[in-house]
1. Within segment 1-52, work out how many residues are out of contact with any Lys or Arg (no Cβ under 9 Å at 6 or more places or on another chain) and basic (Lys, Arg).
2. When only residues in segment 21-60 that are assigned to a loop (DSSP other than H, G, I, E, B), touching a helix residue (DSSP H, G or I) at 6+ places or on another chain (Cβ under 9 Å) and charged (D, E, K, R) count, which is farthest from residue 134 (Cα to Cα)?
3. Residues in segment 60-99 that are loosely packed, with under 14 Cβ neighbours inside 10 Å and not basic (Lys, Arg): how many?
4. Scanning segment 62-89 for residues that are polar (S, T, N, Q) and within 15 Å of the chain's Cα centre (by Cα), which turns out nearest to residue 3 (Cα to Cα)?
5. Exactly one of (1) on the phi < 0 side of the Ramachandran plot; (2) in a strand (DSSP E or B); (3) hydrophobic (A, V, I, L, M, F, W, C) is unmet by residue 74. Its number?
6. Has segment 3-20 got at least one residue that is assigned to a loop (DSSP other than H, G, I, E, B), more than 18 Å from residue 98 (Cα to Cα) and of a type in the set (D, E, K, R)?
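None of the figures in this text is laboratory data; all of them are computed from the coordinates on show. Model, not experiment: these values are computed from the prediction. Here Cβ is always computed from backbone atoms with ideal geometry, including for glycine, and neighbour counts include all displayed protein chains.
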Amino acid sequence: MLEVRLIPSEMTYSLRHIVLRPHQTMEDCKYDTDHEEDAFHVGAFHREKLISIASFCVENNPDFLIERQYRLRAMATLEENRKLGAGRAVVSYAENLLKKQGIALLWCKGRTSVQEYYMRLGFEAHGDVFEYPPIGPHIVMYKKLV
């Protein structure tokens, strides 16, 4: 059984470090957007252990003409828990919150290695693959919410 809820940004740092940035410092796992006024963070817990996280902040991608946008950042699920639906539950929880606020578009810079996963969540690819130093190849993914 999964429990999905809002969490403070500080709870995301460990998973960001383990899953997304293992070869970087813990400081690299703290983002400027974490404490912005409208930013929020969602976590999924399995047997009271945090296993999946994602962060969301107001940020408009200039490629999209839609005014009300949010950016998904630092989505991560512990490898040993990837078949439990935790990532999907985290994104679904956030999408429901965003829809209630009238947010029209959710987008992210996703690693190309997980592009198919984002597509299964209803996201579409946009533009060309680009290098996101020092992490590797990424592509913009987006999903219309309303």
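1. 4
2. From segment 21-60, those assigned to a loop (DSSP other than H, G, I, E, B) are 21-26, 30-31, 36-39, 47-48, 59-60; that's our starting set.
Those left that are additionally touching a helix residue (DSSP H, G or I) at 6+ places or on another chain (Cβ under 9 Å): 21, 24-26, 30-31, 39, 59.
Restricting the remaining residues to those that are charged (D, E, K, R) gives 21, 30, 59.
Values: 21: 9, 30: 15, 59: 22 Å.
Selected residue: 59.
3. 7
4. So the residue we want is 77.
5. (1)
6. First pass over segment 3-20, keeping only residues assigned to a loop (DSSP other than H, G, I, E, B): 8.
With the extra rule that they be more than 18 Å from residue 98 (Cα to Cα), the set shrinks to none.
Looking through segment 3-20, none of the residues is assigned to a loop (DSSP other than H, G, I, E, B), more than 18 Å from residue 98 (Cα to Cα) and of a type in the set (D, E, K, R).
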